[in-house]
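Just below is one structure, and these are the notes that go with it.
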Amino acid sequence: MKSYAKINSFLKIVGTRGNYHEIVSRFVLRREIYDEIFFEKADGFALECDNENIENNIVLKAKFELEKAGFKNELDEFFASHKIVIKKQIPLGAGLGGGSSNAATFLKMANEELNLKLTRENLMKIGAHIGADVAFFASGFDAANVSGIGEIISEFNDEVPEVEILTPGVFCSTPAVYGEFRANFMDSIDVNLAAKMREMTTAQLLERYENHKLNDLFAPCFKIYPQMDKFKDFFLSGSGASVFFLK
């Protein structure tokens, strides 16, 4: 199954919740960029990934959350003779949600292959326990407003212009970028602007707002990663490093 990437048309931080940041953001699925995930016959369970640290792979967390949800016996039986294979194309640390997409795709595949009969809402709820963006990918929506700490998903009938996505060879740490925002940019929070943006289409957002206004992580990302400076005229997805521009 293909595991698609996403971009953020806008991303506004509206508060904090403990160590987490509450957001209002538009997520847009990008089907031209994807990883591939397979279940293959094997002598026992294994996870193989061609471009990632297996030990900390988020798909293992997704498997554990499914077990906690009451499906350990089904998973143990199936993976006694199968392994998970991930072929990566979505770059790491790129703001495209690759890991979260992989986790959500695994949930969907397991649900179908093992006939778990989980609804979309069930999958989204489990996904919210795995990582901030997983619920969106589990929803299957092409575009959605995402809020809270990523667990509140509202489908949005969006108008998305053609964009070109570039991923510089820079690994942007999401915790580091958010940490920089909390340390030095909290006074830029604008809840009213976030509420206004969530009602606008992606086409309207990209036409009316400058890049640094659309994404509250733009300034902290470019501050701590000066090698991103050559891309300062583009729109930033998530915490970076991927950028995009209108074709």
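Taking one quarter of the surface of the convex hull spanned by the alpha-carbon atoms of the range 1-106 gives a direction-averaged projected area of 7.9 nm². Heavy-atom surface analysis with a 1.4 Å probe gives the range 119-202 a carbon and sulfur content of 50 percent of its accessible area. With N counted as the residues of the range 84-135, its alpha-carbon radius of gyration over 2.2 N^0.38 Å works out to 1.18.
Grab the Cα-Cα distance for K223 and S154, subtract it from 0.36 nm times how many residues apart they are, and report the gain in nm with one decimal.
Details: separation 69, 0.36 × 69 = 24.84 nm, distance 3.17 nm.
That pair, K223 and S154, stretches by 21.7 nm at full extension.
Under Stokes-Einstein, with the Kirkwood radius over Cα pairs as Rh, the value for the range 163-246 at 20 °C and 1.002 mPa s is 161 µm²/s. Among the listed pairs K6/K68; K6/K223; K2/K196; K41/K117, a Cα-Cα separation exceeding 30 Å is found for K2/K196.
Considered as an equivalent ellipsoid built on the Cα gyration tensor, the chain has semi-axes of 32, 19, 17 Å, the largest given first. Dipole magnitude for the chain: computed about the Cα centre from +1 point charges on Lys and Arg Cβ and -1 point charges on Asp and Glu Cβ, it is near 340 debye. Relative to the current alpha-carbon distance between L60 and A46, full extension at 0.36 nm per residue lengthens the span by 4.0 nm.
Separation of the range 90-127 and the range 27-81, taken as the distance between their Cα centroids, equals 9 angstrom. Annotation: peptides 87-94, 3-10, 143-150, 213-220, ranked by per-residue average of other Cβ atoms within 10 Å with the highest first, follow the order 3-10, 213-220, 143-150, 87-94. Across the range 182-192, computed HN-Hα scalar couplings (Karplus, 6.51 cos²θ - 1.76 cosθ + 1.60, θ = phi - 60°) run 5, 6, 9, 10, 4, 6, 8, 4, 9, 5, 5 Hz from first to last residue, x flagging Gly and Pro. Aspartates and glutamates within cross-link reach of K125: Cα-Cα under 15 Å, excluding same-chain residues under 8 positions apart? Within the straight-line limit of under 15 Å, K125 reaches these aspartates and glutamates: E65, E67, D133, E151.
Each of K247 and E162 was given a label point 7 Å from its Cα along the Cα-to-Cβ line. The distance between the two points is 0.4 nm.
The values are calculated or read from the model by the stated rules, or taken from the named source; none is laboratory data. As the structure is a prediction and not an experimental result, all values here were calculated from the model. Backbone-built Cβ (ideal geometry, glycine too); neighbour counts: all protein chains shown. We work out accessible area using only protein heavy atoms, side chains counted, and drop any ligands, DNA or RNA first. Shrake-Rupley method; radii C 1.70, N 1.55, O 1.52, S 1.80 Å.
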